[in-house]
Amino acid sequence: MKNIYISAPFYGYGNHILKQSGHNIIYGPKDLKSSIKDYHAIITYVSDKISESLLDEATKLKVVSNYAVGVDNIDLLACKKRGIKVGNTPDVLTFATAELALTLILNCGRQIKEATSDVQKGLWKKWRPQGYLGPGLQNSTVGIIGMGRIGQCLGKMLSHGFGVNVIYYSRKDKNLSYAKYVELDELLSTSDYISLHMASNEQTQSFFNLEKFKKMKSTAYFINTARGDLVNEDELIMALDKGNMAGAGLDVTDPEPPKENAAIIRHPKVFLLPHIGSATLKAREEMGIIAAKNVLMALDDKPLVHEVIDA
Ligand code: DGY
């Protein structure tokens, strides 16, 4: 019997798979620094930082199974050096995350935050011909930065579902039928909505900064469902205050959650969600099953369902 640590309970059948395995399941939160030495496997979330110094204590650990597609919370090289496998949960959350990016686009473009907040504050007195006017999606251009699984799914939703002009910037031209590859500057200066879908790593930290915000149309919206650290948040606030762009729809921040008094929380031009990109019942169900199977496969010395290998 092995010890499997899960930093907080998750939803769905994956729990049953773990319980049926006969291993000892330990639910957190616990102080990992002092307890990781006892664990053979851990299931982690984006909020769990798995650093090299933590792994120094992890003498029995065979696998870190991340309940996420992004693995920027894990020191991959340190895991590799120690022969610890890393698993993740790609594909099953692609639709859900693209759907949330679309939700943010629609919410920004139709002034939904302002409108619902007025209703709740009792400010809906009569129909206003000039109230809550937004650009909407019709005839707009959406620029997608990072055309991996989620970027492509969003591109198809926008192009096939809304007939929107979709352009993208990525490491290379992918010859897609529903979206046109353009250089970054062209995307920045011509998009009505810009949606970020890059991976977070050392090279992409603060990728989106004031220089890039300044190139956007003053009427455009910036959407981020990827990772907060891809954006220089102080410069985002600056750009919003200076009117370099119309607003931002964000599902991620850096740090998460933001500090209590952070401008990003109450900024009138920011529509902020608490990192819920994958939060559909279906996506979370499947993420749990893969995370559980990744653990059991590693404990049996078998190939993981999804192993992260690019350290
Ligand atoms: C991921 O999977 O990387 C998301 O951010 C959390 O679901």
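What follows draws every value from the coordinates through simple rules; no lab data is involved. All values derive from a computational prediction rather than experimental measurement. Cβ sites come from the backbone with ideal geometry, for glycine too, and all protein chains shown count toward neighbours.
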Within region 36-78, of all residues that are touching a His at 6+ places or on another chain (Cβ under 9 Å) and over 29 Å from residue 98 (Cα atoms), the one nearest to the ligand (Cβ to nearest atom) is 41
Exception for residue 79 within (1) touching a strand residue (DSSP E or B) at 6+ places or on another chain (Cβ under 8 Å); (2) under 30 Å from residue 193 (Cα atoms) falls at (2)
When residue 224 is run through (1) touching a residue at least 60 places away in the same chain (Cβ under 8 Å); (2) crowded, with 20+ Cβ neighbours inside 10 Å, the failure sits at (1)
By residue number, the members of region 89-120 that are within 13 Å of the ligand (Cβ to nearest atom), among the polar types (S, T, N, Q) and surrounded by fewer than 22 Cβ atoms within 10 Å (Cβ to Cβ) are 94
By residue number, the members of region 36-71 that are in contact with a strand residue (DSSP E or B) (Cβ under 7 Å, 6 or more places away or on another chain) and among the small types (Gly, Ala, Ser) are 41, 65
